[in-house]
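In what follows, a structure is listed as structure tokens, so that the remarks can point back to it.
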Amino acid sequence: MDVGAAPALPQTCRPTAWLWPGQLIYAGPAFDLAPHSGSVWCVAVGIDRPLRVRVAATEIVAASVLIPPRTMYHLANAGERIVACYLDPASPRAESFRQAFTKWYGELGYHHCDEEHLIAESSALIGADGDDQRSAGLTWSHRALGARLMPALPRRPVGFPKIRPRRSHRVNWPPSRGCPNPDSCTCSVARSARVCGAIACGYA
């Protein structure tokens, strides 16, 4: 099979991801994936045109959809600009996803309660750059999960915890003279080198 090289993505549609504990947001072109299922909740928003999501023999056409875990589906918007948010099912924010959608086909939700603003902020995510990216991701999450329904998000994405430096103690080393009791001192330094700067042996 002859597979041609894919054209480079324009600078205005660079894929970008935001990551928090139990949550990931992707903004960029939709992937050309075969029908598949995931293990997390997924909210997807179409920027260029409504999404076309096929579940079994039914196709849902909507600007925003909520796809539950372990649901086989196919997104027929390959290459178009979308924003997708993935949420751990065990997250306390998972129920906020469900409450934010107004229409249902089985367990699949569509038509977000604030869809117009969500689409506008999805477009802003695509164009965000530099320091604006982090704040845009938080704003989108706040809108997608519903401002009144959503518990507070972390103030910053996943990072390294702060480490407190250990307090250093000044030790008289090397000592100016030998340990006064090298035979009776239990200090390992005294036993090996016959000099000691440890406080435990009484030598300072």
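Please enumerate the residues belonging to the range 30-60 that are crowded, with 19+ Cβ neighbours inside 10 Å, touching a Leu at 6+ places or on another chain (Cβ under 8 Å) and either among the acidic types (Asp, Glu) or assigned to a strand (DSSP E or B) (or both). Correct list: TRP41, CYS42, VAL43, ALA44, VAL45, LEU51, VAL53, ILE60. Does at least one position in the range 93-100 carry a residue that is under 13 Å from ALA30 (Cα atoms) and touching a residue at least 24 places away in the same chain (Cβ under 8 Å)? No, every residue in the range 93-100 fails to be under 13 Å from ALA30 (Cα atoms) and touching a residue at least 24 places away in the same chain (Cβ under 8 Å).
When you scan the range 91-119, how many residues do you find that are in a loop (DSSP other than H, G, I, E, B) and either surrounded by 13 or more Cβ atoms within 10 Å (Cβ to Cβ) or at pLDDT 85 or above (or both)?
Final tally of qualifying residues: 7.
If the condition is being farther than 15 Å from GLY46 by Cβ and either in contact with a helix residue (DSSP H, G or I) (Cβ under 8 Å, 6 or more places away or on another chain) or surrounded by fewer than 18 Cβ atoms within 10 Å (Cβ to Cβ) (or both), then the range 76-90 contributes LEU87, ASP88, PRO89, ALA90.
Name the single residue, out of those in the range 1-18 being touching a Gly at 6+ places or on another chain (Cβ under 9 Å) and of a type in the set (A, V, I, L, M), that is modelled with the lowest pLDDT. So, considering only residues that are touching a Gly at 6+ places or on another chain (Cβ under 9 Å) and of a type in the set (A, V, I, L, M), the one modelled with the lowest pLDDT is LEU9. For the range 61-75, the set of residues classified as touching a His at 6+ places or on another chain (Cβ under 9 Å) and either surrounded by fewer than 16 Cβ atoms within 10 Å (Cβ to Cβ) or assigned to a loop (DSSP other than H, G, I, E, B) (or both) consists of ALA63, MET72, HIS74, listed by residue number. Residue under question is SER122, and the condition is that it be buried (at least 17 other Cβ atoms within 10 Å of the Cβ), closer than 12 Å to VAL45 by Cβ, at pLDDT 70 or above and not hydrophobic (A, V, I, L, M, F, W, C); does it hold? Yes; evaluated as a whole, the condition is true for this residue.
The values are calculated or read from the model by the stated rules, or taken from the named source; none is laboratory data. Since we're looking at a predicted model, the values are computed, not measured. Ideal geometry is used to build each Cβ from the backbone, glycine not excepted, and the neighbour counts take in all protein chains shown.
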